[in-house]
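S.K.: My questions all concern the structure below.
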Amino acid sequence: MNDSSKKAARTPKTTPITDDYEISTTVLGLGVSGKVVQCYSKTSREKYALKVLHDSAKSRREVDLHWQASGCRNIVNIIDVYENNYSGNKCLLVVMECMEGGELFMRIQDRQDGAFTEREAAQIMREICSAVKYLHDMNIAHRDLKPENLLYTKPDQAGILKLTDFGFAKETFSKDTLQTPCYTPYYVAPEVLGPEKYDKSCDIWSLGVIMYILLCGFPPFYSNHGLAISPGMKKRIRTGQYDFPNPEWKNVSQDAKDLIKGMLCIEPSDRLTIEMVMRNKWIALYTEVPLTPLHTGRMLREGEDIWPEVQEEMTRSLATMRVDYDQVHIKNLDNSNNALLNKRRRKGSTEPSVVQ
Ligand code: I85
């Protein structure tokens, strides 16, 4: 796609959606920002998913960021966007490819053909990481990476795993703006350089939680009493208290556990970046990961009744994390890589300056 067609494709159509699609009453799901229903193309009769959003600055941003990311193999594709009046309200109607394979963990839970292996978990992680890498390279943080936003194109083996819902996605400050600045770096306020790192690292934490569940079938942090917000759970998340209990983790490779540790690191600036995760051999060389059978399927089936609670809990911790990270605005100058500061550091100490 060339630049001009890309730009043209990003303007919502103002013709009635009903000229092109037949909208069904089948609800596929409820997102944070709107509901998702099934629809059919009037010309091809093909099935699609339609997300209905009230027009607002927030939903415009969701559509815009999702549209930008739409070229990735592991992100649900946007087909068309309409701006229509719907019973007096201005709506944004987002037509997406229909993911007919359902949610990631439902598929693992329902699997009949033998045990789910560590190698398959690695392959799935690689697919999710590709989506996240694509976004982070474009300076977009998804900020809502959770099991229910990971869907398969088809129910069979050929299905591709894709990420959806850009309702919380955020453009992070781009490093490029530092190269083509609208300010002189010597005078830039720290908050201008600030939040990028934290928004992206929020996605890495989520990847760590997803990888943990993939390998054992239960989350690393959960409340002991099933209470809405358990103080104990909050404390365990804040202090990074989780373990790899037996028998579920007994045969899981040390490489996998080490990768999880790098992602579930409480200090955002010490957490792995998506580049580091993708370069990790457990992901990069996933075809060489051991074929160890996992307890995941059985644990998911056993925990089926509390799965909705697990999902709610993850939704809540993501909300907390977004708020917390939004408040961290001041970049820690100890870790910054500013030419002038580096020079001063070199002068002031015998330590060589760290180049990030
Ligand atoms: N297909 N989070 C949970 C769904 N195809 N789903 C959620 N936010 C979104 C629903 C609630 C994700 O942005 C969501 C969004 C978009 C979708 C979506 C997009 C494309 C689907 C909220 C299905 C599906 C599942 C099984 C069978 C079938 C469809 O959900 C079908 F019947 F079509 F075969």
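The values are calculated or read from the model by the stated rules, or taken from the named source; none is laboratory data. The model shown is predicted, which means the values in this text are computed figures rather than measured ones. Cβ coordinates were reconstructed from backbone atoms using ideal geometry, including for glycine residues, and neighbour counts include every protein chain displayed.
S.K.: Confirm whether residue 334 is among the acidic types (Asp, Glu) and either at pLDDT below 70 or part of a loop (DSSP other than H, G, I, E, B) (or both).
M.R.: yes
S.K.: Also: If you scan region 5-45, which residues turn out to be part of a loop (DSSP other than H, G, I, E, B), within 15 Å of the ligand (Cβ to nearest atom) and within 23 Å of the chain's Cα centre (by Cα)?
M.R.: Within region 5-45, 31, 32, 33 qualify.
S.K.: Among the candidates 48, 86, which residue alone is within 11 Å of the ligand (Cβ to nearest atom) and either surrounded by 14 or more Cβ atoms within 10 Å (Cβ to Cβ) or more than 18 Å from the chain's Cα centre (by Cα) (or both)?
M.R.: Among 48, 86, only 48 is within 11 Å of the ligand (Cβ to nearest atom) and either surrounded by 14 or more Cβ atoms within 10 Å (Cβ to Cβ) or more than 18 Å from the chain's Cα centre (by Cα) (or both).
S.K.: Against the condition within 24 Å of residue 148 (Cα to Cα), surrounded by 13 or more Cβ atoms within 10 Å (Cβ to Cβ) and not polar (S, T, N, Q), how does residue 27 come out, does it pass?
M.R.: When the stated conditions are applied, residue 27 does not pass them.
S.K.: Could I ask something else about it? Out of curiosity, is residue 56 surrounded by fewer than 15 Cβ atoms within 10 Å (Cβ to Cβ) and among the polar types (S, T, N, Q)?
M.R.: Considered against the rule, which asks whether it is surrounded by fewer than 15 Cβ atoms within 10 Å (Cβ to Cβ) and among the polar types (S, T, N, Q), residue 56 comes out as yes.
Conditions (1) within 25 Å of residue 313 (Cβ to Cβ); (2) modelled with pLDDT of 95 or more; (3) outside any loop (DSSP other than H, G, I, E, B); (4) touching a helix residue (DSSP H, G or I) at 6+ places or on another chain (Cβ under 9 Å), marked per residue:
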residue	(1), (2), (3), (4)
72	no, yes, no, yes
93	no, yes, yes, yes
100	no, yes, no, no
107	yes, no, yes, no
119	no, yes, yes, yes
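S.K.: What number of residues within region 275-300 are part of a helix (DSSP H, G or I) and not charged (D, E, K, R)?
M.R.: 12
S.K.: Give region 156-173 a look and list any residue that's assigned to a loop (DSSP other than H, G, I, E, B), of a type outside the set (D, E, K, R) and touching a strand residue (DSSP E or B) at 6+ places or on another chain (Cβ under 9 Å), or say none.
M.R.: 159, 160, 164, 166, 167, 168, 169, 172
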